[in-house]
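The values are calculated or read from the model by the stated rules, or taken from the named source; none is laboratory data. Treat the numbers as computed from the prediction; the structure is a model and nothing was measured. Glycine gets a Cβ as well: all are built from the backbone with ideal geometry, and neighbour counts include every protein chain shown. With ligands, DNA and RNA removed, areas are computed over all heavy atoms of the protein, side chains included. Shrake-Rupley method; radii C 1.70, N 1.55, O 1.52, S 1.80 Å.
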Amino acid sequence: MSEVYTYQELRELALKHGIRDNKVHIGVWIQTQGYQKQRIQINHIRKTFYLKSHD
């Protein structure tokens with residue numbers, strides 16, 4: 001089962017872990033934590049979600 005997060009939710013989590021508040025540092029932290037980016041287009045609006053699967 002995988003959990004779905006938004007960038008804003010992961011940003012808040014990264015800030016609690018002491019990561020600097022900019023896109024680059026947060027993006028690197030997201031990747032090292034095992035999250036995968038997935039872009040979904042609904043009604044011509046593209047949204048980005050992050051998935052983390054629990055093995």
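Key figures for this structure:
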| read-out | value |
| --- | --- |
| Relative packing of peptides 7-14, 42-49, 18-25, 30-37 - highest average C-beta neighbours within 10 Å first | 7-14, 30-37, 18-25, 42-49 |
| Label-point separation in nm, Lys23 to Gln36, each point 7 Å along Cα→Cβ | 2.4 |
| Accessible area per residue in Å² at 1.4 Å probe, computed on the chain | 84 |
| Rg/Rh for the chain, where both radii come from Cα atoms and Rh is the Kirkwood radius | 1.00 |
| Sulfur and carbon atoms: percent of accessible area, the chain [1.4 Å] | 49 |
| Rounded tilt (10° steps) of 7-16 against the dominant C-alpha axis of the chain | 10 |
| Using a Förster distance of 25 Å, the FRET efficiency for Leu51-Leu15 (Cβ separation, nearest 0.05) | 0.75 |
